[in-house]
Amino acid sequence: IGGVTISRNDVVRDDDPTNNVPDSIFSKLGMQLHRRDKHPIGILKNAIYNYFDSNYSKKFEKFDDLSPIVTTKQNFDDVLVPADHVSRSLNDTYYVDSQTVLRCHTSAHQAELLRKGHSRFLVTGDVYRRDSIDSTHYPVFHQMEGFCVFSPEDWNESGKDSTLYAAEDLKKCLEGLARHLFGSVEMRWVDTYFPFTNPSFELEIYFKEDWLEVLGCGVTEQVILKQSGLENNVAWAFGLGLERLAMVLFDIPDIRFFWTSDERFTSQFGKGELGVKFKPYSKYPPCYKDISFWISDSFTENNFCEVVRGIAGDLVEELKLIDQFTNKKGMTSHCYRIVFRSMERSLTDEEVNDLQSKVRDEVQKKLNVELR
Ligand code: PHE
């Protein structure tokens, strides 16, 4: 599936001051990696579908074709994200215009599906977030949302309070899913906060000597159910990151691999083949470049990352702050190390120097910083 091509002009008014969607992001719309049966993301989606199909007699409905372009109401208001929450900022979210965003989570579809009368469903799709650059972060990734509504007869029999009943059912479901996918894997639950669930939890999986957050979940806030006409119910919801899980399952060392069309990657995976271990083709050498500048008040790391990605695309592997200080005049200097590396070939000195000089030009022009 090549996906549907959406042209920028169909969606974005270029003179809209709120629009912060660069072409590099725009070109990802419609790629639909999660609908490719031989792609690790699609294979994983299907494996999760299988888990739900074989463990629940009451079917979960599946949606994997809902548009990633949603209203701020769907993405934020409907799921009770407060007006001053950071996720609403232009620094964190891609705005098409002041009322329209690229969804930053699949939770954006909870309320509309509930209103339409769906009560048990899985929603899979591409989600978009402005973020830092490293091996597990990419501005586009895929999530699967799960949602399950219960009625009084479900929990009455257990003698438990409805919230406790839902929380226990949720954890049992997700632990079962983790075992279905991984066999045995070390995992832990961490208490957390989401505006739309209470209580809320995160599941972390032990990967490469570190705990990796793979999903958020919890018992849905009653207001969300009430707004959809469900007065006497309780529900759980989860949102899991497919790339993170797939990296662990298939041993994929860098999140950029999911976007490559290099056959040495794509040919290693087959429909229904869960957990085939990726065999890296030779790893090409990295090239490190440092850049230092005096930042301005409006400087953000996300903006910097976007400038670098706009120039180097997937040739940038990581961007990290290696030094910072403030002088007597109150000016703050940042030094970043940019790691350039291609997954497909060796980069030449010449092209890396060229990229770096473009980065230097653009940060000055776009970010209002003073190079040192
Ligand atoms: N939407 C949350 C996120 O993207 C995940 C989540 C989904 C948490 C559903 C709770 C319930 O981080």
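Note that region 218-299 shows a convex hull volume over its alpha carbon atoms of 231 Å³ per residue. For region 216-331, the solvent-accessible area of protein heavy atoms averages 46 Å² per residue (probe radius 1.4 Å; ligands and nucleic acids excluded).
Measuring against 31 Å, Cα to Cα, the residue pairs K73/K160; K59/K279; K62/K160; K62/K172; K171/K279 contain K73/K160; K59/K279; K171/K279 as the ones spanning a longer distance.
Label positions at S298 and N46, each projected 7 Å from the Cα along the C-beta direction, are separated by 4.8 nm. Rounded, prolate or oblate: which one fits region 149-208, using the alpha carbon gyration tensor with axes a ≥ b ≥ c (rounded when a/c is under 1.5, else prolate when a/b beats b/c, else oblate)? Because a/c hits 1.5 or more and a/b fails to exceed b/c, region 149-208 counts as oblate. Here the chain is assigned +1 on the Cβ of each Lys and Arg and -1 on the Cβ of each Asp and Glu. Its dipole about the Cα centre then comes out at about 440 debye.
Centre-to-centre separation between the Cα atoms of region 181-210 and those of region 302-372: 33 Å. Here F26 sits with roughly 10 square angstrom of accessible surface, probe radius 1.4 Å. The fraction of all Cα pairs in region 264-314 landing in successive 5 Å bins from 0 to the largest distance is 4, 12, 15, 15, 11, 11, 13, 9, 6, 4, 0, given as whole percents. 3J(HN,Hα) couplings calculated from phi for region 249-265 with the Karplus curve 6.51 cos²θ - 1.76 cosθ + 1.60 (θ = phi - 60°) are, in sequence order, 5, 9, 6, 8, x, 9, 5, 5, 4, 4, 9, 7, 10, 4, 4, 4, 8 Hz; Gly and Pro show x. Give the shape of the chain as rounded, prolate or oblate, defined through the alpha-carbon gyration tensor: a ≥ b ≥ c are the square roots of its eigenvalues, a/c under 1.5 means rounded, and otherwise the shape is prolate if a/b is larger than b/c and oblate if not. Prolate is the answer for the chain, as a/c is 1.5 or above and a/b outweighs b/c.
Quantify, in whole percent, the carbon and sulfur part of the accessible surface of the chain (1.4 Å probe; protein heavy atoms only). Carbon and sulfur: 47 percent of the exposed surface of the chain. For region 4-111, the alpha-carbon coordinates run over 49, 32, 19 Å along the three principal axes, in decreasing order. The modelled label-to-label distance for the pair S87/K279, using points 7 Å beyond Cα in the direction of Cβ, is 4.1 nm.
The values are calculated or read from the model by the stated rules, or taken from the named source; none is laboratory data. Please read these numbers as outputs of a predicted model, since none were measured by experiment. Ideal geometry is used to build each Cβ from the backbone, glycine not excepted, and the neighbour counts take in all protein chains shown. When the accessible area is computed, the model is the full protein with side chains, heavy atoms only, and any ligands, DNA or RNA have been set aside. Shrake-Rupley method; radii C 1.70, N 1.55, O 1.52, S 1.80 Å.
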